[in-house]
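To keep things clear, I will list the structure first and then write my remarks on it.
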Amino acid sequence: MNRLAAVSLAVLAGLSYTGTAYAQSSEEGEWYVGPRIGPMGTDSDRLALENGQLVKFKGGFDTAFYGLEAGFKFTPEWGTRVYLDYIRGDVEVGGSSTGHVYGADLVYSFSESVYGTIGLNETDLGEFSDTFLRVGAGYREQLNRNWDIFAEGAVQQSEGDLTEFMLMTGLRYYFGRSAAPAPAPVAPQPQQAAPADSDGDGVVDAEDLCPNTQPTFKVDNTGCVVYADETITHELMINFAFDSAAIPAEAQGEVRETADFLNEYPAVKILIEGHTDSVGTVEYNQGLSERRAKSVGDSLINDYGIEQDRVDTVGYSENRPLVPNDTKENRAKNRRIEAKMSITKEKPVTKGN
């Protein structure tokens, strides 16, 4: 037992030099109290008196204990505690033996979480009483301002060469523990000027490959306008009088709009398709359908300056009626020319689309 005490004190004294940084952040004057519980491994030589007979304990972690401890921290590193545990162990002949342990420890904190203990206790078990020197080490974790949880292991030796081990866990409630200090105020940092974005498109000037874009257009990450394909279509339909290829006066506006479309998109060509109703022979109607298509084509060329190689005409006689030729009104609808033009072009995408 004297050898164990000497080694334990030497270890605590040597490790105490590691507590300097911890001493700056921990507080003294803290009281605590709390429950604890765990298993105990009795020495195989431990005896108990049961019904007037000596019996042995089974050995190993055959004994359980629970109890209370109370402690006080009188410096940031050093503290003390007292404890009282109720113990119950199994003996070889069956049944169990009970008792209690009371003792006091000196506690040294190596850090906020790790600590060591050394102390003396009186263990009364199986009607035998022994004095033990106990050395232990533990780990604690703060749950909140007042509560800690801990786990600890220890070994104890008596003057009669009984060596026993124990493990325990428990809770501690601290009285008067102060709240965590408020964080130090952070000095305001000087604000840096935001990078310039002269055209306001969301891309800074240093990365903008297309400066001065219109603010209504969407841009990519290089500051250039985003484009999307758009198909533009123009249709022309003109109805003619019976057996006539003359463009009606009311249709001149539609011819002019078609010419404007062709002038706006010089790459577009037009195919004008002529049609007739079913009155007359197919041969006659073929020529009439061709003359109707040609009259509109000639107007585009001669009246509006559309290049001749951009204008084509074709006649389909009565072979492609728009509606059945079974009434006067339907036949009027079939006396017509048709043309349909389209072009696909890139169009800037506006914001929000």
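The values are calculated or read from the model by the stated rules, or taken from the named source; none is laboratory data. Computed from a predicted structure; not experimentally measured. Virtual Cβ from ideal backbone geometry, glycine too; neighbours counted across all protein chains shown. The accessibility values were calculated without ligands, DNA or RNA, using every heavy atom of the protein model including side chains. Shrake-Rupley method; radii C 1.70, N 1.55, O 1.52, S 1.80 Å.
Before moving on, here are some points about what is shown:
- In this entry, GLU257 passes the filter for residues that are out of contact with any helix residue (DSSP H, G or I) (no Cβ under 6 Å at 6 or more places or on another chain) and not small (Gly, Ala, Ser).
- From the list ASP205, ASP220, ASP201, ASP298, the one residue that fits, being more than 23 Å from VAL349 (Cα to Cα) and either open to solvent by less than 20 Å² (accessible area, probe 1.4 Å) or among the charged types (D, E, K, R) (or both), is ASP298.
- Close pairs (6 angstrom Cβ cut-off, 6 or more residues apart or separate chains): part of a helix (DSSP H, G or I) in segment 241-267, open to solvent by 60 Å² or more (accessible area, probe 1.4 Å) anywhere: ALA259/TYR304
- Residue under evaluation ASP277, criteria (1) touching a strand residue (DSSP E or B) at 6+ places or on another chain (Cβ under 6 Å); (2) outside any helix (DSSP H, G or I); (3) buried (at least 18 other Cβ atoms within 10 Å of the Cβ); (4) not hydrophobic (A, V, I, L, M, F, W, C), criterion not met: (1)
- Scan of segment 141-157 for residues that are of a type in the set (S, T, N, Q), surrounded by fewer than 18 Cβ atoms within 10 Å (Cβ to Cβ) and touching a strand residue (DSSP E or B) at 6+ places or on another chain (Cβ under 6 Å), ordered by number: GLN142, ASN146
- Residues located in segment 87-118, provided they are of a type outside the set (A, V, I, L, M) and open to solvent by 50 Å² or more (accessible area, probe 1.4 Å): ARG88, ASP90, GLU92, GLY95, THR98, HIS100, TYR102, GLU112
- Taking (1) closer than 30 Å to ASP201 by Cα; (2) free of Cβ contacts under 8 Å to residues at least 60 places away in the same chain in turn, GLU230 satisfies each apart from (2).
- Across segment 64-105, the number of residues qualifying as in contact (Cβ under 8 Å) with a residue 60 or more places away in the chain and either aliphatic (A, V, I, L, M) or more than 13 Å from LEU125 (Cβ to Cβ) (or both) comes to 3.
- Just so you know, in segment 307-353 the residues that are of a type in the set (Ser, Thr, Tyr) and part of a strand (DSSP E or B) include one that is surrounded by the most Cβ atoms within 10 Å (Cβ to Cβ), and it is THR313.
- Some residue of segment 46-53 being touching a Phe, Trp or Tyr at 6+ places or on another chain (Cβ under 7 Å), open to solvent by 40 Å² or more (accessible area, probe 1.4 Å) and within 18 Å of GLY176 (Cα to Cα): no
- Just one of the numbered conditions (1) assigned to a helix (DSSP H, G or I); (2) in contact with a strand residue (DSSP E or B) (Cβ under 9 Å, 6 or more places away or on another chain) is not true of LEU271: (1).
Table: residues versus (1) over 45 Å from the mean Cα position of the chain (by Cα); (2) modelled with pLDDT under 75; (3) farther than 21 Å from GLY170 by Cβ; (4) surrounded by fewer than 16 Cβ atoms within 10 Å (Cβ to Cβ).
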residue: SER8; (1), (2), (3), (4): yes, yes, yes, no
residue: ASP43; (1), (2), (3), (4): yes, no, yes, no
residue: GLY60; (1), (2), (3), (4): yes, yes, yes, yes
residue: THR75; (1), (2), (3), (4): yes, no, yes, yes
residue: THR80; (1), (2), (3), (4): yes, no, no, yes
residue: TYR83; (1), (2), (3), (4): yes, no, no, no
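- Residues (more than 19 Å from ASN239 (Cβ to Cβ) and of a type in the set (S, T, N, Q)) located in segment 307-353: GLN308, SER342, THR344, THR350, ASN353
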